[in-house]
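Trainee: Questions regarding the structure given below will be posed in turn.
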Amino acid sequence: MSAAGATPYGVAAAARAADAVRERLGVRAPACAIVLGSGLGDLAHDIADARRVPFAEVPGFPTATVVGHAGALIAGTLGGREVVALAGRFHMYEGHDAALAGFPVRVVHALGARTLFVSNAAGGIRRTFAPGDLMLIADHLNMMFRNPLIGPLQAGDVRFPDMSDPYDAGLRAILRRVAAEQGIRLQEGVYAGGLGPTYETPAETRMLERLGADATGMSTVPEVVVARAIGMRVAGVSCITNMACGIATHPLSHDEVLEVGREAGTRFRALVTGFVRALD
Ligand code: HPA
């Protein structure tokens, strides 16, 4: 590779990281890679025959810092299918580049995953949402105004990725069907990803509402952008842990976000397990 292509979070670094952990994880051909958002990490307990590598031992990964993120790469089976899960993620509000926020997606791709399921905690903007709701992500707004693909073109990347179907229509249909079968209420809407770490002001929530956002959070967008650039199919679910500031009637706290995430966790676990089982 040319020197210009050797970015710290590019395809070559991802291949090195994958090579370093592949045997420890015993990964062969994962049907799906799963990113576990704040408060949603309990799904990791449902992964059978789990092998874990702490993020700190993955070459190229810094240590995750946010409370509620265990920070490990986990391989095993879920719903009878081989999966690899990222329990924890790198947020830009921790000071990380967008390219690092998207880097774990390159690593799971190098481990063989071609389908990505992302999850996050988010504040509800659409007035008919309620805390504890799960929202199928139909599309996103990149309110981070950063892009993980900026820089030298990586081998295998598309320079100008099409984003007309960022969240795969077929995968969304599977999620709707699984939710209906299991009696899980599944909202659907547009996720706005901001930088954080502040929650929105009431004026910002009104702005996002007018721009077409149904929920708002501080993650996910860089991961999905990288996934689309390398040709992965993506599906995602937000857990509405609170109504966004200005709609909520009380100040927001991270503890509340984690608590509601855990309460919704049972439905989330059933939905994701059913989704993975139904993948072709
Ligand atoms: N805003 C931004 N990020 C969030 C929120 C919110 O209201 N809730 C959980 N993550």
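Trainee: Working only within region 231-251, note down all residues that are under 27 Å from Leu111 (Cα atoms), in contact with an Asp or Glu (Cβ under 8 Å, 6 or more places away or on another chain) and surrounded by fewer than 21 Cβ atoms within 10 Å (Cβ to Cβ).
Mentor: Arg233, the sole residue that qualifies.
Trainee: Continuing with this model, one more query. How many of the residues making up region 69-115 are more than 18 Å from Ile230 (Cβ to Cβ) and touching a residue at least 60 places away in the same chain (Cβ under 8 Å)?
Mentor: Within region 69-115, residues that are more than 18 Å from Ile230 (Cβ to Cβ) and touching a residue at least 60 places away in the same chain (Cβ under 8 Å) number 8.
Trainee: Are any residues in region 208-217 within 15 Å of Tyr191 (Cβ to Cβ), away from the ligand (no atom under 12 Å from the Cβ) and assigned to a helix (DSSP H, G or I), and if so, which ones?
Mentor: Once the filter is applied, which keeps residues that are within 15 Å of Tyr191 (Cβ to Cβ), away from the ligand (no atom under 12 Å from the Cβ) and assigned to a helix (DSSP H, G or I), region 208-217 yields Glu209, Leu211.
Trainee: Go through region 14-67 residue by residue and tally those that are small (Gly, Ala, Ser), touching a residue at least 40 places away in the same chain (Cβ under 8 Å) and under 14 Å from Leu86 (Cβ atoms).
Mentor: 9
Trainee: Return a yes/no flag: does region 167-186 have any residue that is farther than 14 Å from Val225 by Cα, within 16 Å of the ligand (Cβ to nearest atom) and either in a loop (DSSP other than H, G, I, E, B) or modelled with pLDDT of 95 or more (or both).
Mentor: Looking for residues that are farther than 14 Å from Val225 by Cα, within 16 Å of the ligand (Cβ to nearest atom) and either in a loop (DSSP other than H, G, I, E, B) or modelled with pLDDT of 95 or more (or both), one finds none in region 167-186, hence no.
Trainee: Moving to a separate point now. Tell me which residues, restricted to region 228-280, are within 16 Å of the ligand (Cβ to nearest atom), polar (S, T, N, Q) and touching a residue at least 24 places away in the same chain (Cβ under 8 Å).
Mentor: Those that are within 16 Å of the ligand (Cβ to nearest atom), polar (S, T, N, Q) and touching a residue at least 24 places away in the same chain (Cβ under 8 Å): Ser238, Thr241, Asn242.
Trainee: If you don't mind, there's one more thing I want to ask. Any chance region 48-63 includes a residue that's within 16 Å of the ligand (Cβ to nearest atom), among the hydrophobic types (A, V, I, L, M, F, W, C) and farther than 16 Å from Gly26 by Cα?
Mentor: No - not one qualifying residue is present in region 48-63.
Trainee: Quick check on region 217-228. Is at least one of its residues under 14 Å from the mean Cα position of the chain (by Cα) and charged (D, E, K, R)?
Mentor: Yes, some residue in region 217-228 is under 14 Å from the mean Cα position of the chain (by Cα) and charged (D, E, K, R).
Trainee: In region 78-96, what residues are in a strand (DSSP E or B) and more than 18 Å from Gly39 (Cα to Cα)?
Mentor: Those that are in a strand (DSSP E or B) and more than 18 Å from Gly39 (Cα to Cα): Leu78, Arg81, Glu82, Val83, Val84.
Trainee: Consider Thr63 carefully, then state whether it is at pLDDT below 95, hydroxyl-bearing (Ser, Thr, Tyr), surrounded by fewer than 21 Cβ atoms within 10 Å (Cβ to Cβ) and in contact with a strand residue (DSSP E or B) (Cβ under 9 Å, 6 or more places away or on another chain).
Mentor: In short, yes.
Trainee: While we're on this one: Where residues in region 85-130 are within 16 Å of the ligand (Cβ to nearest atom) and of a type in the set (Ser, Thr, Tyr), which of them is surrounded by the fewest Cβ atoms within 10 Å (Cβ to Cβ)?
Mentor: Step by step, filter region 85-130, then rank; the result is Tyr93.
Trainee: Among the residues that make up region 188-198, is at least one of them touching a Gly at 6+ places or on another chain (Cβ under 7 Å) and not β-branched (Val, Ile, Thr)?
Mentor: Yes: one or more hits.
Trainee: Take Ala138 and decide whether it is over 17 Å from the mean Cα position of the chain (by Cα) and surrounded by fewer than 23 Cβ atoms within 10 Å (Cβ to Cβ).
Mentor: no
Trainee: Moving on to the next point. When you check Val158 against the structure, is it surrounded by fewer than 17 Cβ atoms within 10 Å (Cβ to Cβ), away from the ligand (no atom under 16 Å from the Cβ) and among the β-branched types (Val, Ile, Thr), yes or no?
Mentor: yes
Trainee: Let me ask something else about it. Among the residues of region 241-261, is any assigned to a strand (DSSP E or B), modelled with pLDDT under 95, within 25 Å of Leu116 (Cβ to Cβ) and not acidic (Asp, Glu)?
Mentor: Scanning region 241-261, I find at least one residue that is assigned to a strand (DSSP E or B), modelled with pLDDT under 95, within 25 Å of Leu116 (Cβ to Cβ) and not acidic (Asp, Glu), so the answer is yes.
Trainee: Arg210: surrounded by 15 or more Cβ atoms within 10 Å (Cβ to Cβ), of a type outside the set (Phe, Trp, Tyr) and either at pLDDT 95 or above or at positive phi (or both), yes or no?
Mentor: Criteria not met by Arg210.
Trainee: Would you confirm, using the coordinates I've provided, whether Glu200 is acidic (Asp, Glu), outside any helix (DSSP H, G or I) and either buried (at least 18 other Cβ atoms within 10 Å of the Cβ) or under 15 Å from the mean Cα position of the chain (by Cα) (or both)?
Mentor: Yes, satisfied.
The values are calculated or read from the model by the stated rules, or taken from the named source; none is laboratory data. Please read all numbers here as calculations on a predicted model, not as lab measurements. Backbone-built Cβ (ideal geometry, glycine too); neighbour counts: all protein chains shown.
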